[in-house]
């Protein structure tokens, strides 16, 4: 990887055995990266970046104004999200098996053993998020298999730092980001549809967009809504 300059912007350039140029802008400061086919020289990459300058600056500006959660300590009073709603964490120390309950649509009550560490409290909440997704995802997959006529042979949940979801079209496998448990359910649905459509088209080109418009006409609104949330782990891709 090396860098090129376009005005005041520094752009990381990575050459790969791919067919098309891929532009991404990363948080928290708007780092720019272009993945390019081996055959394309730096001058062509620079011209491509110049053609996308307004888009790049728009994404960087969005990152500057996004709300970001402070580092979690998992103590009472912290703000946590579940299914797109904001909750106050209430830590209750008591013996027994740790558990979580939603109270009055305002509080996440975390029942945890006395002297628990932040790491232990985090693990309980993380597994709670994971259990929610394990129950929700199969229903959505069954729904969208029927609509698209495509089969998802395998799916999983993991924490990813750069994407909401990913897939392997050949294996018909999709992976979904654990962070989606914090977002509205229709955002989870959008990502599932997005990854299933990649079974038909790998790239975010006109064909991909046409499929998304066909299957989920409201996807643009869901994408915009999803990206208005805290995105400290993700990127914008063109």
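Output the number of the condition that residue 87 fails; it satisfies all remaining conditions of (1) over 21 Å from residue 162 (Cα atoms); (2) over 23 Å from the mean Cα position of the chain (by Cα); (3) outside any loop (DSSP other than H, G, I, E, B).
(2)
Can you tell me which residues in the stretch 140-160 are farther than 14 Å from residue 172 by Cβ and surrounded by 12 or more Cβ atoms within 10 Å (Cβ to Cβ)?
140, 143, 147, 157, 160
Please verify whether the stretch 33-55 includes one or more residues that are part of a strand (DSSP E or B) and in contact with a helix residue (DSSP H, G or I) (Cβ under 8 Å, 6 or more places away or on another chain).
Yes, that holds for at least one residue.
Give me the residue from the stretch 218-229 that is at pLDDT below 80 and in contact with a helix residue (DSSP H, G or I) (Cβ under 8 Å, 6 or more places away or on another chain) and, out of that set, surrounded by the most Cβ atoms within 10 Å (Cβ to Cβ).
This residue is 229.
Which members of the stretch 144-166 meet the condition of being touching a strand residue (DSSP E or B) at 6+ places or on another chain (Cβ under 7 Å), in a loop (DSSP other than H, G, I, E, B) and modelled with pLDDT of 95 or more?
Selection gives 152, 153.
Would you pick out the residues in the stretch 8-32 that are in contact with a helix residue (DSSP H, G or I) (Cβ under 6 Å, 6 or more places away or on another chain), at pLDDT 90 or above and either more than 23 Å from residue 202 (Cα to Cα) or loosely packed, with under 15 Cβ neighbours inside 10 Å (or both)?
The one that is in contact with a helix residue (DSSP H, G or I) (Cβ under 6 Å, 6 or more places away or on another chain), at pLDDT 90 or above and either more than 23 Å from residue 202 (Cα to Cα) or loosely packed, with under 15 Cβ neighbours inside 10 Å (or both): 11.
Restricting attention to the stretch 174-217, which residues are over 18 Å from the mean Cα position of the chain (by Cα), assigned to a loop (DSSP other than H, G, I, E, B) and surrounded by fewer than 17 Cβ atoms within 10 Å (Cβ to Cβ)?
Once the filter is applied, which keeps residues that are over 18 Å from the mean Cα position of the chain (by Cα), assigned to a loop (DSSP other than H, G, I, E, B) and surrounded by fewer than 17 Cβ atoms within 10 Å (Cβ to Cβ), the stretch 174-217 yields 200, 201, 205, 217.
Right, residue 100: outside the structural domain of residue 174 (by TED's automatic domain parsing), part of a strand (DSSP E or B) and more than 25 Å from the chain's Cα centre (by Cα) or not?
no
The values are calculated or read from the model by the stated rules, or taken from the named source; none is laboratory data. Note that the coordinates shown come from a computational prediction; the quantities given were computed from them, not determined experimentally. So basically every Cβ, Gly included, is an ideal-geometry build from the backbone, and we count neighbours across all protein chains shown.
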